[in-house]
Amino acid sequence: QVKLVESGGGLVQAGGSLRLSCAGTGRTFSGSRMGWFRQAPGKEREFVAAIRRVTYYADSVKGRFTISRDNAKNTVYLQMNSLKPDDTAVYYCAATEDIYSGTYYTSYNYDYWGQGTQVTVSS
């Protein structure tokens, strides 16, 4: 069974840092585009960051968040620094098949999803 499992969420004060991890099992994701999305209460799911050979970021996190991957561990990471209360959301990891199309920031272009991890930033 193919799964993506996120970890690393939690409660942090504004200005703090968290590192999210997303481990893939059941297949290798080294050829996939990997992404992070988030969804705050009452809001639509939104793009945060993506990586294949290059990285992409939403304007709201550029300069504060860093996406990276370790193909040997079949894992993608999201380092989040200078966190703000507006970053509070459930964060989801996503992956495409090896052959993919469509924009990196559109959630329906991803084929696999994790269950999500809660990130709460207090002011």
Spin-label model distance (nm) - Lys62 vs Ala14, 7 Å beyond Cα toward Cβ:
2.4
The long-range amide H neighbours of Leu83, using H built 1.01 Å from N in the peptide plane and a cut-off of under 5 Å, are Gly15, Gly16
Loop-only GluC sites (Glu not before Pro) in region 1-55, please: DSSP not H, G, I, E or B, and at most 13 other Cβ atoms within 10 Å.
Glu44
Under the Karplus relation with 6.51, -1.76 and 1.60 and θ = phi - 60°, whole-Hz ³J(HN,Hα) for region 106-116, x at Gly and Pro, equal 9, 5, 6, 7, 9, 9, 10, 9, x, 8, x
Stick to the Cα atoms of the chain, pair each with every other, and give me the Kirkwood hydrodynamic radius in Å at one decimal.
14.2
Estimated vicinal HN-Hα couplings, Hz - region 77-91 in sequence order (Karplus 6.51, -1.76, 1.60; Gly, Pro = x):
10, 9, 8, 10, 10, 6, 5, 10, x, 5, 7, 4, 4, 8, 9
Could you work out how far apart the two model spin labels at Ser101 and Ala72 are, taking each label as a point 7 Å from the Cα in the direction of the beta carbon, and quote it in nm?
3.6
Spatially close lysines, pair count over the chain: Cα under 21 Å, gap of eight or more or interchain:
4
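Values quoted throughout were computed directly from the atomic coordinates according to the rules given, and no laboratory measurement underlies them. None of these values were measured; they are calculated from a predicted model. Because the Cβ atoms are built from the backbone with ideal geometry, glycine has one as well, and the counts that use them run over all protein chains shown.
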